[in-house]
Amino acid sequence: MKWSNVVFATGLGKALLQNLKRSEPCIMIYVVNMCRIDKYIEYAGVLAHNSVMRYRLGAVLIKSGKIIGAGRNHKKYSHMAKDHWSQTIHAEVDAILKSDKSPRGSTLFLSRILKNGSTALSKPCEACIRVMKEERIKSVYYTTAEGIEWLKIT
């Protein structure tokens, strides 16, 4: 197969290329719209900067291309334990709790920011994955030291 027979397509270009009549076989590679993913990961990173926790994480919940929830990890104060933090709220759960619509069918974007500003591994823990399954969130994009990973929630 020659490189001239490899077609990259996104969005509307994908539909147009499917209708083209070609005399030679063609490999069509669909490219995920990384600009949108990067935008949501970056916004989650801004939220992470507002966290006062040792590991700073932010989360954005997207449904139908719109932000329906956003959160960061933080400590929840309990009046029962004077001057003590009693509970840590994970960024994923915070975004779900703050969502203004049902998170069913949505996508979560999660970012962890180090003190030097670089990204680090923010893969959701098993407890957060269980919550996402219960809420029927379909997938999560999360940062790593090398870039962005994707996880389908089943």
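Pairwise Cα distances in the range 112-154 exceed 11 Å for 65 percent of all pairs.
Beyond 23 Å in Cα-Cα separation lie the following of the pairs Lys66/Lys115; Lys76/Lys152; Lys76/Lys138; Lys66/Lys152: Lys66/Lys115; Lys76/Lys152; Lys76/Lys138. Take every Cα-Cα distance within the range 52-154, group them into 10 Å bins from 0 onward, and report for each bin the whole-number percent of pairs it holds. Calculated P(r), rounded to whole percents: 16, 46, 29, 8, 0.
Bear in mind that the values in this text are calculations on the coordinates, not laboratory data. Just so you know, these numbers come straight off a predicted model, no measurement behind them.
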